[in-house]
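Below you'll find the structure, written out as structure tokens, and then a few comments.
The values are calculated or read from the model by the stated rules, or taken from the named source; none is laboratory data. Given the structure is predicted, the values throughout are model-derived calculations rather than measurements. Cβ atoms come from the backbone with ideal geometry, glycine included; neighbour counts cover every protein chain shown. Quick note on the areas: whole protein, heavy atoms, side chains included, nothing else; ligands and nucleic acids left out. Shrake-Rupley method; radii C 1.70, N 1.55, O 1.52, S 1.80 Å.
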Amino acid sequence: MKKFEICVILGGGKSSRMGRDKTLLPYKNHPSLTHFLFDKMSKNFQNVFVCAKEQKFQPNLPLIKDKFMDFSPMLALYSALSNFQNKNVFIITADSPFIEISTIEILNQNLQGFDICVAKDDENLHSLCGFYNSNLSDIAKNLYENSNHKIGALFKFAKFKSINFDNKEQFLNINYPKDYENLIKKGQ
């Protein structure tokens, strides 16, 4: 039996720093970073979806379509959460292939009594690496409609908790061409 219920991989960003759609970059023996993360999460979650503006993945992945065409983390979160009722949904970005399953387990264990439980390390809070209760979708939509796109704004309207992790390497994002080149060279 799989440990967790729902994971949504966010894959609808602009990839402006990469210069091309980073969610479609090949990785290991997978057609894309997104496919790699989808396969990794599918081993531990009963249901895994990708939230994006369109079905751009080949082969196709189970898609949750963004509700608007704007680019906004708050919009992505709203689009993902609004598809579920009273569920805790693990949110992760498609450019975060190193997340450890043990980290997800710890976040899940600490979720009791909270609407949000995200990861942090000694330098950063990782707002898009954690569990969110789907009942927050209307608040996320309202924040988006009021031009508040920072995920941290949602924390003020919820029972929020962050858990510190020592291994910050697992939170590395593939944002720049050099990041991707290093990833391929290391063969991680």
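Annotations for the structure displayed:
- Out-of-range pairs (alpha-carbon distance over 20 Å; input Lys43/Lys141; Lys87/Lys141; Lys65/Lys156; Lys87/Lys168; Lys2/Lys120): Lys43/Lys141; Lys65/Lys156; Lys87/Lys168; Lys2/Lys120
- Among [x] 11.2; [y] 10.3; [z] 15.5, the entry derived from the coordinates for mean projected area of the Cα convex hull in nm²: [y]
- On full extension, the segment bounded by His149 and Asn86 gains 20.4 nm, given 0.36 nm per residue less the C-alpha separation.
- Mean residue ellipticity at 222 nm, helices only, the chain: -7500 deg cm²/dmol; runs of at least 4 DSSP H residues each add -39,500 (n - 2.57), and the sum is divided by the number of residues.
- Per-pair calculated FRET efficiency, R0 = 30 Å: Lys185 and Glu5 via Cβ, rounded to 0.05: 0.25
- Over the chain, Cα pairs under 8 Å with separation of 6+ residues give a relative contact order of 24 percent.
- Built amide H within the under 5 Å cut-off of Cys51, gap 5+: Ile9, Leu10, Gly11, Ile64
- Considering only Lys161, Lys28, Lys141, the mean-square fluctuation computed in a Gaussian network model of the chain, springs between alpha carbons under 10 angstrom, is largest for Lys28.
- Sulfur and carbon atoms: percent of accessible area, the chain [1.4 Å]: 47 percent
- Global form of segment 76-121, assessed from the alpha-carbon gyration tensor, a/c cut-off 1.5: oblate
- When each of the peptides 166-178, 39-51 is scored by the mean number of other C-beta atoms lying within 10 Å of its residues, the order from highest to lowest reads 39-51, 166-178.
- Summed side-chain charge close to Phe155 - residues other than Phe155 whose Cβ falls under 11 Å, Lys, Arg +1, Asp, Glu -1: +3
- Against the empirical curve 2.2 N^0.38 Å, the C-alpha radius of gyration of segment 95-155 lands at a ratio of 1.21.
- Selected from Asn88, Asn164, Asn29 as most flexible by GNM, with the chain as the system and alpha-carbon contacts under 10 Å: Asn29
- Within segment 37-132, GluC sites (Glu not before Pro) in DSSP loop having at most 15 other beta-carbon neighbours inside 10 Å: Glu54, Glu100, Glu123
- For segment 7-140, accessible area per residue (1.4 Å probe, heavy atoms of protein chains only), Å²: 43 Å²
- Per-pair calculated FRET efficiency, R0 = 45 Å: Asn135 and Tyr176 via Cβ, rounded to 0.05: 0.80
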